[in-house]
């Protein structure tokens, strides 16, 4: 898995400009995460400036964590423009399954253009596949290891994209191959926006590699970052701060020492 | 006051889902505070999804810290739906008295449904009672100990709800009983959104206890948290971080050691 | 440069109320920075309450970091009202040059009223002067020391205001005089909203001194704060936290020891 460290090096060299249309809760969080890892974030949602911004951006991240009709139409327009401009798009269907609006908006965005990576938790991806959403608010619930693998594969084929089903163990599939990531730490569940951070980081990685390896790299790197942050700070406020420190500090040697990624037969 | 530690235990056991319609400044802050104490936050404001979300939520928190006509109508709708669904509602009238829009919006929300807890500072609650608002922006000003007690009692009767007037000493009343909380620390005034954190925590507590004890529990627990945070970090940035650490760490023993809550004759 | 420490003392004595219409990414960041230095922030953007809020405010800060038509009209109205009320206005044209919408909005706001201070990075101010924007997203790019000085002078004359062109070295001019600030630290570039913090601090200082000295004071004080923060915490998450600590701790003695401000011939 040499390509994970390699991808991190490329992100820091290229400093991809990642355009984000994301939720109010995590705008600061994800901007700081992108800066800390060495990418360059921008947040713009006005329809009038989407094309200008996407022309200079290297990737688009769309996160539906806080929605209303205005933002939905902005997200749709951004997905269309980015698809035309061949900029890779990452979609985070936050809360799909919790409300019909979220499920439908995520499905609409999957239709609106070329989504490179879809990242969600177990309940969210399940809801998008039309099964009864076990989502409880925006938390992961009802996670099942065996089923998560299946979910990633099925969703990847159904939506013709790369799907990352994240949870205690992450499964990433493009419908043909499957990667499994076992890095991470439960304390991530005690800080808001850590799922959104991973999605944003995928935006940085997909600017320099293909979707399956890009999303796996983001999950592995952030998982390792979380492990180191917890070693230094086992409480959520300090842990949160250390996440940015370690996004900045993580390097090839640390990845080599800590990485728990494997490919499995689908 | 055994019920304070008891209530904290219940919050952590039940992990209530608290639906927040709050201001842009503190969305991240209050979501992290709710996670740290062991509750589960969700932020949703689209009118189309309010009912779906409130059906699975255990409480609603409405905070008017940043307003516009769109958000006001969303808040009104949420208060109506939550009332019909018998979900307890906490209202934070941020900045009432500073502008007519804020005073009127808070009064409108008090009319729109069944508010379980109204939490504000001295100037805000005073403004809602029609007296000249001494509010200066969103800060507390003109606080007076004797008057604060009276204010809590009068407002509780006037609005037929539980009112928490917070400041150097907090007075909480349901119009019949009065609790006084003397926990807390002045450094809270140097971090934005600490009042909003208490309001959000009341949302978690009111999901598992009646309004008077719920709001008193939130104030006592967060006051103790602030005292511990200050012991470790006497400057605002680090203090802010430690608030989340201590929301996670606070336990029965610490509450027993530190709590300064008493009931007084109204 | 005795007036820098003097200005800090005045901010803490007067605690100016700074009304902010700013972007979603940094609302929490700038509110906390203003509180930490001793000022009092308020965030209000509803057109119906702008006049009420500006009447009690001591300065207005407008930051175009996240835009849409609704917010643009609110910013315009705020600039007009503040001008009529003779409240000093600070404008941060975030991302001017990156999109036409941002360049045009900044120019429109410069026309809409009396702007006391315009603070931007090299590419942003250049774009406002009609030259090809070298802005890359919202980062500074294409910075050139000689040219930065010229840019500050030219823009100050062109827009008839005080202009601060910030970067590795900051140049501040009112068209007649020029100050140079060499305080600061490159780690500021790894935390989102640090430029927006300086703009917000200028709002506090311009409430107690004239624009040229006010903006220079803000840049010097925050530069020193960044240097101290970096001494204690050389990684972005912890560094960010220490910024608020040092905004609170910075005092006359520290300013005297560290300040690198000089006046140069234009």
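Each value in this text was obtained by applying a stated rule to the coordinates, not by laboratory testing. For clarity, every value in this text was computed on a predicted model and none was experimentally measured. All Cβ positions, glycine included, derive from the backbone under ideal geometry; neighbour counts span all protein chains shown.
Judged by the ratio a/c of the largest to the smallest principal axis of the C-alpha gyration tensor, the stretch C:142-209 counts as oblate, that ratio being 1.5 or greater while a/b is no larger than b/c. May I ask for the Rg/Rh ratio of the stretch B:1-104, computed from Cα atoms with Rh as the Kirkwood radius, given to two decimals? Looking at the stretch B:1-104, the ratio lands at 0.99. Of all the options C:114, C:232, C:210, the one that moves most in a Gaussian network model of chain C with Cα springs shorter than 10 angstrom is C:232. Inter-copy label distances at residue B:84, shortest first and taken from points set 7 Å along Cα to Cβ: 4.1, 4.1 nm. Entry note: chain B has Rg to Rh equal to 0.93, where both radii use alpha-carbon atoms and Rh is the Kirkwood radius. Note on chain B: with a GNM built from Cα contacts shorter than 10 Å, the maximum mean-square fluctuation among B:151, B:101, B:60 falls on B:101. Of all DSSP-defined beta bridges confined to the stretch A:1-153, some 5% are antiparallel rather than parallel. Ordered by the number of other Cβ atoms lying within 10 Å of each residue's own Cβ, fewest first, A:238, C:215 fall into the sequence A:238, C:215. Looking at the protein assembly as shown, what % of its DSSP beta bridges pair antiparallel, to the nearest 5? Among the beta bridges of the protein assembly as shown, antiparallel pairing accounts for roughly 40 percent.
Note down the relative contact order for the stretch C:2-264 as a percent, whole number, built from C-alpha pairs under 8 angstrom at least six residues apart. It would help to have the intermediate numbers written out before the result.
On the way: 550 pairs, mean separation 52.3, N = 263.
Relative contact order for the stretch C:2-264 comes out at 20 percent.
Shielding by partners for peptide A:28-35, expressed as the average number of C-beta atoms from other protein chains within 10 Å of each residue's C-beta, is 6. Where both residues lie in the stretch C:2-264, what percent of DSSP beta bridges are antiparallel, nearest 5? Of those bridges, close to 40 percent are antiparallel. Computed over chain C, the per-residue total of -39500 (n - 2.57) for DSSP H runs of n ≥ 4 gives a 222 nm mean residue ellipticity of -16500 deg cm²/dmol, rounded to 500. Within 10 Å of the Cβ of each residue in C:242-249, the mean number of Cβ atoms contributed by other protein chains is 5. Volume per residue of the convex hull around the Cα atoms, evaluated for the protein assembly as shown, comes out as 133 Å³. Note on B:94, A:79, B:259: ascending count of other Cβ atoms within 10 Å places them as B:259, A:79, B:94, the fewest first. For chain A, modelled as a GNM whose springs connect Cα atoms under 10 angstrom apart, the maximal fluctuation among A:73, A:217, A:173 occurs at A:73.
When B:202, B:53, B:187 are arranged by Cβ crowding within 10 Å, least crowded first, meaning fewest neighbours, the order is B:187, B:53, B:202.
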